[in-house]
Amino acid sequence: MAIKILVLSDSHEIVESMLRIVEREKPDAIFHLGDHLNDALELEKQVDVPVYYVASDIDGVDETEDLFERFVTIERKRFLLIHGHQLRQTGEAMMSQGLHDMLVYGKKGKADVILFGHTHEPFIRGIYIDEGNNQLVRKWLFNPGSIKPAIEIYCESSNQWQEHNGKSSYGLIYVSNDADNMRFEIVDMD
């Protein structure tokens, strides 16, 4: 039997949608990757499973507080939860230098899986890295996307934020009890 982890990010004040997802998926644990911390706190009050969360750049939390990264171990797999704004990477930059930076960031805590949001773009990638002595170890980068379908994009030419309809999604991670196998899934809500 596998442990089912629900991964949410960028909820932007739609707690009711998160509760419907929890009811549908019936997870064993929930990870919330920021945008909005208060959503995760409210969700935690209303569900009967552990909720692990981190703060983001828009949560109004002092940068000195220890809420911007969290390591969680489930079935001998170590997960790093961050929002992703710490890396200051989006779009194409995330696909190159940002991924490298994220792996380095996760390596300090020996994370098997690095979870992030911020970009509102679903993303799963397994990458083999050399941890020394020519020993290749697979690390995972996972972004569930945003569960709120509308996103705001800054337009430099007009110097304004514009709302666009985006995809709405969340993630699932299945960790087998022997912890040797993990399966990742992006679920589109549209």
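Find the strands (runs of 3 or more DSSP E) located wholly in region 1-61 whose residues include 1 or more that are more than 14 Å from the chain's Cα centre (by Cα), and list them. Lay out the reasoning, then the answer.
On the way: elements: 2-8, 29-32, 51-53.
Hits in region 1-61: 2-8.
Need a quick list: strands (runs of 3 or more DSSP E) entirely within region 75-168 having at least 3 residues that are modelled with pLDDT of 65 or more. Reasoning before the result, please.
On the way: elements: 77-82, 113-115, 123-130, 136-143, 150-155, 160-165.
Qualifying strands (runs of 3 or more DSSP E): 77-82, 113-115, 123-130, 136-143.
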Next on the checklist: I need every pair where a residue in region 51-75 that is of a type in the set (D, E, K, R) has its Cβ under 6 Å from the Cβ of a residue that is modelled with pLDDT under 65, sequence separation at least 6 or different chains.
Outcome noted: Asp57/His85; Glu75/Ala179
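The values are calculated or read from the model by the stated rules, or taken from the named source; none is laboratory data. Just so it is clear, the structure is predicted and the values come from calculations on it, not from any experiment. All Cβ positions, glycine included, derive from the backbone under ideal geometry; neighbour counts span all protein chains shown.
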